[in-house]
Structures are given as structure tokens and as C-alpha cells.
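Next up is a structure, given as C-alpha cells.
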Amino acid sequence: MNSEVSLIAVARIIKPFGLRGEVKLHLLADLKDFLTYPEFFVKEKFFQRRLILVNVRSQGKVALFEGYASRDDAETLRGKTLYVKKEHLVQKNRVDEFYSFELEGLEVVFKEEVLGIVHRMLDFNGRWYIEIVDKKDLLIPFVRPLVRKVDWENKKIYVDLPEGYLDL
């Protein structure tokens, strides 16, 4: 694989599921987008596989990859992160939809004061947070009442924080 290819994380493999090589997934992308990716990579050791199927069950998303036919095969993927080539990502409209990695490097502004730069986005069980590492490390939930606007043109995220939030 060409080392210049940009890979983007789209899922984490939690653990094997069943006996036929399926794995339980924690998606970092929309399911409809996930189903469009032609191939997946694992950085820790070279892995390139096509997705055969995804089932959505009450226990979560379960996937089966080409070449994985047993629980032992699936066990080798436990805890791994799945990546896709950046060129395979579904184009987003950047108004209501974008990828979390696109927010990295944007300034976070509260009441005309720059709080810092987005270091990365963190996903805690489906709840996204902006991580700012600056003068003071800060996590801000990425939810509509707190995130007022993402200004792509000026590379800024405007937030409204509750009284005392910065004092925590």
C-alpha cells in the first residue's frame, strides 16, 4: 500500500460475535456511509478486506469480512480500528454533515475569546466532544445548544457555554 494514502478511522472492532467470523462494531461513521466503503484497512498489521455483510441487531452492529470464517479468525481483529481511504469517503454537504476529523485545527470561540484549537474529536459511546489542548485542556460536548455555529470559511467553531463551565 502506498504510504501517501490518507486513511480515516470509520469503526472500532469491539469483539468477535458468534462462531462464523462476525465481529461486533462501534461505528465512527454513519451506517449508510459505512456500507458504501469498498475496502477496509487495519494499520497495526496490513489488512485489506471487503465487507460481506452488516447486521443491525439489538446488541449493535455486527459485520462479517471476506476471509474471516471462524471465531478464531475474528478474535485476531479484537480492539482494532478500521480505516478507509479518504478518497472513498462519502461527500458531505458541510452545513449539517461533516466528518469529525474535518474539525481538527479549527479555533473554538466563546464570547469573542479564542479558547483554543480543536486537537481532535472524541467519541464516548456515541456522544461527541471537542478536545481542546491549549492553555487549559478542555472538553466541550458537540451538541446543538453548546455549539452555535461551525464557520468553515473562517475556520472557527462558535460555542455558547453555561455560566462557570470554564471554571471547572
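Scan segment 63-84 residue by residue and report those that are aliphatic (A, V, I, L, M) and either touching a residue at least 60 places away in the same chain (Cβ under 8 Å) or crowded, with 18+ Cβ neighbours inside 10 Å (or both).
Once the filter is applied, which keeps residues that are aliphatic (A, V, I, L, M) and either touching a residue at least 60 places away in the same chain (Cβ under 8 Å) or crowded, with 18+ Cβ neighbours inside 10 Å (or both), segment 63-84 yields 63, 64, 74, 77, 82, 84.
Can you go through 112, 75 and tell me which one is more than 30 Å from residue 19 (Cα to Cα) and either assigned by TED's automatic domain parsing to the domain that holds residue 17 or at pLDDT 85 or above (or both)?
Step by step, each of 112, 75 is checked, and only 112 is more than 30 Å from residue 19 (Cα to Cα) and either assigned by TED's automatic domain parsing to the domain that holds residue 17 or at pLDDT 85 or above (or both).
Shifting gears a bit: Mind checking whether some residue in segment 31-49 is among the hydroxyl-bearing types (Ser, Thr, Tyr), over 25 Å from residue 153 (Cβ atoms), under 17 Å from the mean Cα position of the chain (by Cα) and not assigned by TED's automatic domain parsing to the domain that holds residue 162?
Yes, segment 31-49 contains at least one residue that is among the hydroxyl-bearing types (Ser, Thr, Tyr), over 25 Å from residue 153 (Cβ atoms), under 17 Å from the mean Cα position of the chain (by Cα) and not assigned by TED's automatic domain parsing to the domain that holds residue 162.
Conditions: (1) farther than 27 Å from residue 7 by Cβ; (2) without any contact (Cβ under 8 Å) to a residue 12 or more places away in the chain; (3) not hydroxyl-bearing (Ser, Thr, Tyr). Residue 159 meets all but one. Number of the miss?
Of the numbered conditions (1) farther than 27 Å from residue 7 by Cβ; (2) without any contact (Cβ under 8 Å) to a residue 12 or more places away in the chain; (3) not hydroxyl-bearing (Ser, Thr, Tyr), the odd one out for residue 159 is (2).
Another question about this same structure. Which residues, counting only those in segment 121-153, are farther than 17 Å from residue 105 by Cα and in a loop (DSSP other than H, G, I, E, B)?
125, 126, 143, 144, 145, 146
Does segment 66-93 hold any residues that are basic (Lys, Arg) and in a loop (DSSP other than H, G, I, E, B), and which are they?
Correct list: 78, 80, 92.
The values are calculated or read from the model by the stated rules, or taken from the named source; none is laboratory data. None of the values given here were measured: they were computed from a predicted structure. Cβ: placed from backbone, ideal geometry, glycine included. Neighbour counts: every protein chain shown.
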